[in-house]
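Undergrad: The structure that follows is given in the form of structure tokens.
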Amino acid sequence: MPAKTNTKTILITGASSGIGQAIAIAFGQQGANVVINYYKDEDGANHTLQQVVEGGGRGLIHQADVGKEDEVEALFKKAISEFGSLDVLINNAGIQRDSAFSEMTLEQWDSVISTNLTGQFLCAREAIKHFRSKEHPGDHTGAIGNIIFISSVHDIIPWAGHVNYASAKGGILMLMKSLALEVAPQKIRVNGISPGAIATDINDEVWKDEQKKAELLKLIPYGRIGQPEDVGKLAVWLASDESDYITGTTIYIDGGMTLYPGFIDNG
Ligand code: NAD
């Protein structure tokens with residue numbers, strides 16, 4: 001078992017699969033206390049917990065729908081009572097409900113906005129309330145709290161057939177920046193990670209199909225689909241004091257997807 005180097009407490013939403021699970025495991029390997037929120041997949045959450053513990057961390061599983069205010073409040077209460085405090089929120093839970101715009105139902109619109117945008121607001125608000133209750137550390141001692149919004153390249157790349165998703169992710173961009181500005185004087189850091197194509201359940205119908213995968217790779221100059229572990233490593237760094245002077249920024253982790261790949265041969 002690796003030596004414990006990081007005794008911070010991290011809460012990760014939607015940590016029963018994909019990117020959230022990989023982030024949880026990466027923090028576990030640092031020896032962190034990891035609060036694993038899940039929605040429906042309890043087996044996935046148990047797998048995450050097992051990996052966190054095997055990596056040298058401690059863990060707690062808690063079910064909650066991030067779009068429900070009372071469930072989010074209960075999630076944070078449980079996390080703080082279990083570990084005494086909270087240092088980092090990874091706002092990760094997200095869904096897709098794809099449809100051509102003219103056929104998009106209000107339910108498809110509302111469910112994506114509720115989970116992907118309102119859910120991130122509710123969780124960030126609980127985290128900020130807790131961070132603000134901590135003692136201000138003064139200068140040069142690191143942040144008292146850290147929030148990372150898991151957004152998407154579709155916070156800046158328009159996406160036909162996914163208007164609800166792109167609208168939520170675009171909203172996260174200004175939620176993140178405005179909040180970062182508001183709480184920087186309290187020594188709270190707020191940043192975004194915007195992944196490109198990462199192989200998870202959310203897009204498995206694309207990367208498991210050879211033809212669709214080949215089409216997708218045309219959009220990725222670096223020539224490979226990302227893995228959840230790529231995002232895990234970045235999240236650990238962005239939540240650490242190594243990145244202490246970074247706030248209000250989005251890091252695009254996308255193999256160059258945001259570089260206008262259509263212009264690779266001069267357009
Ligand atoms: P995923 O489907 O494996 O993970 C999404 C997680 O969110 C799941 O664990 C799911 O149970 C959870 N979730 C869904 N609704 C919830 C709710 N109401 N309350 C709590 N949890 C809920 O897919 P992923 O790719 O790991 O997605 C994680 C995040 O990364 C999402 O915000 C997604 O938009 C974003 N993202 C993914 C990619 C990609 O290519 N995979 C690219 C850009 C952004």
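The values are calculated or read from the model by the stated rules, or taken from the named source; none is laboratory data. Model, not experiment: these values are computed from the prediction. Don't worry about glycine lacking a Cβ; one is built from the backbone with ideal geometry, like all the others, and counts go over all protein chains shown. We work out accessible area using only protein heavy atoms, side chains counted, and drop any ligands, DNA or RNA first. Shrake-Rupley method; radii C 1.70, N 1.55, O 1.52, S 1.80 Å.
Undergrad: So, of the residues in region 201-220 that are surrounded by 16 or more Cβ atoms within 10 Å (Cβ to Cβ) and modelled with pLDDT of 95 or more, which turns out to be farthest from the ligand (Cβ to nearest atom)?
TA: So, considering only residues that are surrounded by 16 or more Cβ atoms within 10 Å (Cβ to Cβ) and modelled with pLDDT of 95 or more, the one farthest from the ligand (Cβ to nearest atom) is LEU217.
Undergrad: Still on this structure, I have one more. Scan the helices (runs of 4 or more DSSP H) fully inside region 67-137 and keep the ones with 1 or more residues being under 23 Å from GLY171 (Cβ atoms) and touching a Lys or Arg at 6+ places or on another chain (Cβ under 6 Å).
TA: Fully inside region 67-137 and qualifying: 106-113.
Undergrad: Another one. For region 19-58, name all the residues that are of a type in the set (A, V, I, L, M), assigned to a helix (DSSP H, G or I) and either open to solvent by 20 Å² or more (accessible area, probe 1.4 Å) or more than 14 Å from the ligand (Cβ to nearest atom) (or both).
TA: Scanning region 19-58 gives ILE19, ILE25, LEU49, VAL52, VAL53.
Undergrad: So which residues in region 63-90 are surrounded by fewer than 20 Cβ atoms within 10 Å (Cβ to Cβ) and not charged (D, E, K, R)?
TA: Selection gives GLN63, ALA74, ILE80, SER81, GLY84, SER85.
Undergrad: Then there is this: Away from the ligand (no atom under 12 Å from the Cβ), part of a helix (DSSP H, G or I), crowded, with 16+ Cβ neighbours inside 10 Å and of a type in the set (S, T, N, Q) - does that describe any residue in region 158-166? Spell out the reasoning first.
TA: In the first step, residues of region 158-166 are kept if they are away from the ligand (no atom under 12 Å from the Cβ); the result is 158, 160-161, 163.
Checking the rest, the ones that are also part of a helix (DSSP H, G or I) come to 163.
Next, from what is left, pick out any that are crowded, with 16+ Cβ neighbours inside 10 Å: 163.
Retained after the next criterion (residues that are of a type in the set (S, T, N, Q)): none.
No: zero hits.
Undergrad: Return yes when GLY138 is of a type outside the set (Val, Ile, Thr), under 20 Å from ILE202 (Cα atoms) and either more than 12 Å from the ligand (Cβ to nearest atom) or surrounded by fewer than 21 Cβ atoms within 10 Å (Cβ to Cβ) (or both) and no when it is not.
TA: The answer is no for GLY138.
Undergrad: For GLY28, work out the one condition from (1) within 17 Å of the chain's Cα centre (by Cα); (2) closer than 17 Å to ALA127 by Cβ it doesn't fulfil.
TA: (2)
Undergrad: If you check LEU175 against the conditions, is it open to solvent by less than 70 Å² (accessible area, probe 1.4 Å), free of Cβ contacts under 8 Å to residues at least 60 places away in the same chain and closer than 30 Å to LYS8 by Cα?
TA: Judged against the criteria, LEU175 is a match.
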